[in-house]
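Undergrad: Pasting a structure below so you can have a look.
The values are calculated or read from the model by the stated rules, or taken from the named source; none is laboratory data. Keep in mind it's a predicted model, so treat the numbers as computed, not measured. Backbone-built Cβ (ideal geometry, glycine too); neighbour counts: all protein chains shown. Keep in mind that these areas ignore ligands, DNA and RNA; they rest on the heavy atoms of the full protein, side chains included. Shrake-Rupley method; radii C 1.70, N 1.55, O 1.52, S 1.80 Å.
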Amino acid sequence: MSNKTRVCVVGAGAAGMASAFSLAQHADKYNVHVFDAANVCGGVATSEAVSFGDSSVTINDGVQGAAPSYKNVL
């Protein structure tokens, strides 16, 4: 039997993913599982590729912030 604490994070939005990431940094202590109703992570904070003819750009939709995971954050 493992001595790790089992953690269930409900919601794969920004807060849920931040929590799961932080706990996963201590894999010796926590066994982390993330559950969400959607089939992708990010909740309302996502980046989307948009095509215009022969070119495309990536835009951030939903929640905006200074997270380096957003492709267009400067």
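Undergrad: To one decimal place, what Kirkwood hydrodynamic radius in Å is obtained for the stretch 8-60 from all pairs of distinct Cα atoms?
TA: About 12.8 Å, per the Kirkwood formula over Cα pairs.
Undergrad: Then there's this: Across the stretch 53-58, in residue order, what do the Karplus-derived ³J(HN,Hα) couplings come to in whole Hz, using 6.51 cos²θ - 1.76 cosθ + 1.60 with θ = phi - 60° and x for Gly and Pro?
TA: Calculated HN-Hα couplings, in order: x, 8, 10, 9, 9, 10 Hz.
Undergrad: Using a 1.4 Å probe and counting only protein heavy atoms, arrange Val57, Val50 so the residue with the most accessible area comes first.
TA: Values: Val57 70, Val50 40 Å².
The ranking, largest first, comes out as Val57, Val50.
Undergrad: Return the carbon/sulfur percentage of the accessible area of the stretch 1-62, one whole number, probe 1.4 Å, all protein chains in place.
TA: Using a 1.4 Å probe with all protein chains present, the stretch 1-62 comes out at 56 percent carbon and sulfur.
Undergrad: Measuring from label point to label point, each 7 Å out along Cα→Cβ, what is the Ala18 to Asp61 span in nm?
TA: In this crude spin-label approximation the distance works out to 2.3 nm.
Undergrad: Sticking with this one: Roughly what would the spin-label model give for Val50 and Cys8, points 7 Å off Cα along C-beta, in nm?
TA: 3.9
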